[in-house]
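K.L.:
Following this message is one structure expressed as structure tokens.
The values are calculated or read from the model by the stated rules, or taken from the named source; none is laboratory data. Quantities reported herein were computed from a predicted structural model and do not represent experimental measurements. For neighbour counting, all protein chains shown are included, and Cβ atoms are generated from backbone atoms with ideal geometry for every residue, glycine included. The protein model used for the area step is the full one, side chains on, heavy atoms only, and it has no ligands, DNA or RNA in it. Shrake-Rupley method; radii C 1.70, N 1.55, O 1.52, S 1.80 Å.
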Amino acid sequence: MTVIDNAALANDERWMQHALKLADKAEQAGEVPVGAVLVLEGQVIGEGYNLVISQSDPCAHAEIMALRAGGEQVANYRILDATLYVTLEPCCMCAGAIVHSRIKRIVYGAPDLKTGAADSAFKLLSDPKHNHQVDVGRGVLAAQCAQKISDFFARRRKEKKAAKIAAKAKC
């Protein structure tokens with residue numbers, strides 16, 4: 001029988017709500033809406049959202065931005081005992097940075113079935129070949145996180161289709 005710790009779940013949901021607000025900032029900036037918040041001893045030490053497009057930086061994923069800020073806050077690339085909350089399952093690049101940062105735990109909302117590196121496509125965070133494994137929490141506010149991504153890409157497809165139609169009409 002699985003025991004559910006309601007207080008821990010409520011805490012995870014609280015921080016995931018914060019990550020969702022950061023994802024909104026990404027979307028407002030025209031970025032894929034992913035947000036991340038890094039928490040140590042109940043305090044935010046880093047946060048980030050996707051800035052890949054606006055910074056012309058393929059590494060400017062939400063997780064990387066949060067880890068960079070957290071590293072600056074603790075003055076170390078090793079961010080021991082911290083938990084990273086992210087709205088979308090991390091990719092391979094982010095998973096590598098997460099392992100390297102030595103954070104204790106990651107909690108993600110929506111799975112990424114194509115490129116997720118925590119559970120879905122790869123299991124990099126728990127691979128025993130690494131010198132550090134990260135505890136993984138999954139599915140916190142998954143429906144909200146997944147809907148945010150789905151709505152964004154549906155809107156993008158609609159905008160591209162409208163632009164094609166408009167371009168054809170000018171010809």
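K.L.:
Name the strands (runs of 3 or more DSSP E) wholly inside region 1-117 in which the number of residues that are of a type in the set (A, V, I, L, M) and surrounded by fewer than 22 Cβ atoms within 10 Å (Cβ to Cβ) is 3 or more.
P.N.:
Where strands (runs of 3 or more DSSP E) fall fully within region 1-117, none carries at least 3 residues being of a type in the set (A, V, I, L, M) and surrounded by fewer than 22 Cβ atoms within 10 Å (Cβ to Cβ).
K.L.:
Looking at LEU125 and the list (1) buried (at least 17 other Cβ atoms within 10 Å of the Cβ); (2) of a type outside the set (S, T, N, Q); (3) out of contact with any Phe, Trp or Tyr (no Cβ under 8 Å at 6 or more places or on another chain); (4) outside any loop (DSSP other than H, G, I, E, B), which single condition is not satisfied?
P.N.:
(4)
K.L.:
Tell me, yes or no, whether region 65-81 has at least one residue that is of a type outside the set (Asp, Glu), free of Cβ contacts under 8 Å to residues at least 12 places away in the same chain and in contact with a Ser or Thr (Cβ under 8 Å, 6 or more places away or on another chain).
P.N.:
no
K.L.:
Could I ask something else about it? ILE149 is checked against (1) in contact with a Ser or Thr (Cβ under 6 Å, 6 or more places away or on another chain); (2) over 23 Å from ILE45 (Cβ atoms); (3) in contact (Cβ under 8 Å) with a residue 60 or more places away in the chain and fails just one. What number does that condition carry?
P.N.:
Of (1) in contact with a Ser or Thr (Cβ under 6 Å, 6 or more places away or on another chain); (2) over 23 Å from ILE45 (Cβ atoms); (3) in contact (Cβ under 8 Å) with a residue 60 or more places away in the chain, only one is false for ILE149: (1).
K.L.:
Next question. Is it the case that region 138-145 has a residue that's outside any loop (DSSP other than H, G, I, E, B), touching a helix residue (DSSP H, G or I) at 6+ places or on another chain (Cβ under 6 Å) and crowded, with 20+ Cβ neighbours inside 10 Å?
P.N.:
The first filter runs over region 138-145 and keeps only residues outside any loop (DSSP other than H, G, I, E, B), leaving 138, 142-145.
Those still in the list that are touching a helix residue (DSSP H, G or I) at 6+ places or on another chain (Cβ under 6 Å) too: none.
Looking for residues that are outside any loop (DSSP other than H, G, I, E, B), touching a helix residue (DSSP H, G or I) at 6+ places or on another chain (Cβ under 6 Å) and crowded, with 20+ Cβ neighbours inside 10 Å, one finds none in region 138-145, hence no.
K.L.:
Hey, another quick one. Taking into account only those residues within region 147-171 that are of a type in the set (A, V, I, L, M) and open to solvent by 40 Å² or more (accessible area, probe 1.4 Å), which is farthest from ASN11 (Cα to Cα)?
P.N.:
ALA169
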